[in-house]
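This report refers to the structure that appears directly beneath it.
The values are calculated or read from the model by the stated rules, or taken from the named source; none is laboratory data. In this text, all values refer to a predicted model and were calculated from it rather than measured experimentally. We place every Cβ from the backbone using ideal geometry, glycine too, and count neighbours over all the protein chains shown. Each accessible area value is taken on the protein alone, full model and side chains, heavy atoms only, with ligands, DNA and RNA left out. Shrake-Rupley method; radii C 1.70, N 1.55, O 1.52, S 1.80 Å.
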Amino acid sequence: MGNLCATFSPPKPVVKQPENTFPNPPPLSISSNRWFRTRSSRREKVGESMSSEQALAAAAALFQKHPMDCSFDRSTSLRQPPSGRKNRNVLPRSSSSRARSLTDPLLQPHQLVNQDIKLDDLETNHFVLVHGGGFGAWCWYKTIALLEEVGYRATAIDLTGSGVHSFDPNSITDLSQYVQPLTDFLEKLPDGEKVILVGHDFGGACISYAMELFHFKIAKAVFIAAAMLSDGQNTLDMFSLQAGADDVMRQAQVFVYANGNDNAPTTIELKKPLLKDLFFNQTTAKDVALASVSMRPIPFPPVLEKLRLSETRYGSVRRFYIQTLNDNAIPVSIQETLIERSPPEQVFILKGADHSPFFSKPQALHRLLVEISKTKKP
């Protein structure tokens with residue numbers, strides 16, 4: 001989602017009528033055709049489509065059949081966040097998280113990590129992947145394939161009005177409605193079962209909301225170039241730190257006023273010709289094409305909603321942050337500020353990653369997720 005809302009006065013508002021809505025659709029089981037949209041009108045085409053589980057399974061199978069032609073480089077590192085309040089404004093230098101000996105130009109998923117992973121010794125081997133604003137469960141297809149190849153469980157959630165979830169994004173009124181597919185999933189987990197929540201972009205605010213409600217079901221939380229907010233903050237507050245500095249984001253934003261110009265915007269759309277520069281500047285053309293036909297409008301009311309986070313609930317979950325150094329959407333300066341204001345347990349760095357490391361650095365991201373899953377309590 002990036003530095004959206006940095007300029008909340010778009011010169012040419014788009015007035016649109018709300019689309020047909022489907023009240024209270026069940027999560028992850030809605031079918032819809034690919035969205036074809038124009039700025040003046042759009043309709044969802046329902047029918048002749050596959051479920052979210054089928055779509056993800058097909059993408060993962062394709063990925064496993066044709067592994068990525070990517071060589072390993074020195075793209076990951078780990079640093080410790082500042083402790084206490086001393087020198088909070090000075091972040092320590094990065095240090096390597098492991099020996100950099102993985103140099104095979106063609107690596108299969110099972111070669112990415114050590115073969116001595118003992119899944120039974122982990123607190124949990126189940127990752128729950130939460131997409132960012134405008135994205136959907138589809139963006140995690142490489143991550144799912146890599147995790148499942150080495151024995152992990154991976155569940156990708158389509159938030160309300162995202163991916164193949166058929167609800168109209170212009171009709172979303174608050175954060176709880178937007179995050180409901182995630183909270184429904186967590187609520188149905190068996191007693192005693194825990195997961196690792198992974199949030200990307202605006203998904204960081206979404207998993208924070210879920211951490212406050214279901215802290216006892218979450219072993220760890222991973223923020224990937226994500227909104228890691230403090231109590232009383234909303235996503236708009238975070239991105240206002242960089243207001244006026246990101247020309248690409250300002251040019252890409254189109255505010256949609258489905259309820260008329262006299263009311264607040266209902267969604268934000270992003271111009272397709274600018275998606276590559278904004279989100280995918282290190283991503284292959286095939287994945288850029290996938291994103292360009294799959295991304296949907298970002299509901300605006302959840303962006304404005306302030307989070308209520310307590311130390312006893314949200315604060316009890318172990319947090320980890322993964323920085324993306326070539327990010328044009330959430331610049332490193334914003335990521336650094338979030339880390340300084342609310343230090344997580346550990347900070348990892350993905351060198352050469354754009355805002356979408358699940359596309360641009362999938363193998364390096366996979367290694368970090370596995371490493372986080374194995375990290376014991378300090």
Residue list for segment 321-378, restricted to those being acidic (Asp, Glu) and touching a helix residue (DSSP H, G or I) at 6+ places or on another chain (Cβ under 9 Å): Asp327, Asp354
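Taking segment 347-361 as the region of interest, how many residues are touching a Gly at 6+ places or on another chain (Cβ under 9 Å) and either in a loop (DSSP other than H, G, I, E, B) or closer than 22 Å to Val317 by Cβ (or both)?
Number satisfying all stated conditions: 3.
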Check on Pro344, in a loop (DSSP other than H, G, I, E, B), without any contact (Cβ under 8 Å) to a residue 60 or more places away in the chain and surrounded by fewer than 21 Cβ atoms within 10 Å (Cβ to Cβ): no
Failed condition for Thr337, given (1) open to solvent by 10 Å² or more (accessible area, probe 1.4 Å); (2) outside any helix (DSSP H, G or I); (3) modelled with pLDDT under 95: (2)
Qualifying residues in segment 347-367 (those that are among the small types (Gly, Ala, Ser) and in contact with a strand residue (DSSP E or B) (Cβ under 7 Å, 6 or more places away or on another chain)) - the one surrounded by the fewest Cβ atoms within 10 Å (Cβ to Cβ): Ala364
